1. Can you give the relative contact order of segment 25-166 as a percent, counting alpha carbon pairs under 8 Å and 6+ residues apart?
2. For segment 48-61, what does the Karplus curve 6.51 cos²θ - 1.76 cosθ + 1.60, with θ = phi - 60°, yield as ³J(HN,Hα) per residue in whole Hz, taken in order and with x for Gly and Pro?
3. Using the Cα centre of segment 1-91 as origin and beta-carbon charges of +1 (Lys, Arg) and -1 (Asp, Glu), tell me which of 68, 22, 42 is placed farthest towards the positive end of the dipole.
4. Give me the 1.4 Å probe accessible area per residue for segment 76-122, excluding ligands and nucleic acids, in Å².
5. Using unit Cβ charges (K, R positive; D, E negative) and no other charged atoms, how large, in debye to the nearest 20, is the dipole of the chain about its Cα centre?
6. Long-range amide H contacts for residue 55: which residues qualify at under 5 Å (H placed 1.01 Å from N, peptide plane, sequence gap of 5 or more or a different chain)?
7. Classify segment 41-135 as rounded, prolate or oblate, taking a ≥ b ≥ c as the square roots of the eigenvalues of its Cα gyration tensor: rounded when a/c is under 1.5, otherwise prolate if a/b is larger than b/c and oblate if not.
8. Read phi for every residue in segment 95-110 and hand back ³J(HN,Hα) as whole Hz from Karplus 6.51 cos²θ - 1.76 cosθ + 1.60, θ = phi - 60°, with x for Gly and Pro.
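The values are calculated or read from the model by the stated rules, or taken from the named source; none is laboratory data. Quick caveat: nothing in here was measured; it's all calculated off a predicted structure. No Cβ is skipped: glycine too gets one built from the backbone with ideal geometry, and neighbour counts run over all protein chains shown. Each accessible area value is taken on the protein alone, full model and side chains, heavy atoms only, with ligands, DNA and RNA left out. Shrake-Rupley method; radii C 1.70, N 1.55, O 1.52, S 1.80 Å.
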Amino acid sequence: MNALIINATLSFFATLVLHELGHYFAARLCAVPIKQAGLGWGPKLYDVRVSDVDCHVRLLPVGAYVQMDMRALQRRPLLQQLFVLGAGVGVNLLLAVLTWGSLFSALNLALVIGNVIPFYQLDGWKSGMVICRRMFGRPSPLVEWMLTLGGGAIALAVLIRALLNF
């Protein structure tokens, strides 16, 4: 039982970190500066500066992030923006396929599914915003609210369906 908990915990952290490294390296390839990277949410426990990036470890180990210079990302061509935003999901999908049948694969696949839903601030939502803004040539509050509320409804439906199948 302890080995399963340790495996699940380490696999979960590896899944999060590798997802964010996908965004990090894609941003670097597209010359988008990275401001911060971190593991967890809440108050900082530890921070260090590495190659002009502030790296943080936070109290609640339930997430990870890479904060990019969004203005620089928005100046990139559409395909580069989508590449950077989708790189984390791409890494998780590749890892899920390569480790198929394992707990690590299942966690990577869960992160892929969770991130492609256009839920607020997740990769699918950010990609949707980039596409909408490109289609309209400017931000459109009505369309962006519809995407945000629609994404929330989709995420809620997926969660309910997952709970009913559990």
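1. On the way: 186 pairs, mean separation 22.5, N = 142.
Relative contact order of segment 25-166: 16 percent.
2. Once rounded to whole Hz, the list reads 8, 9, 10, 6, 6, 10, 7, 9, 10, 10, 10, 4, 9, x.
3. 68
4. On the way: 2510 Å² over 47 residues.
Per residue, segment 76-122 has 53 Å² of solvent-accessible surface.
5. Working: 13 positive and 7 negative charges, 86 e Å.
Approximately 420 debye in magnitude.
6. 37, 48, 49, 50
7. Oblate shape, in that a/c is at least 1.5 and b/c is the bigger or equal ratio.
8. 5, 5, 5, 5, 10, 3, x, 10, 4, 4, 4, 4, 5, 5, 5, 4
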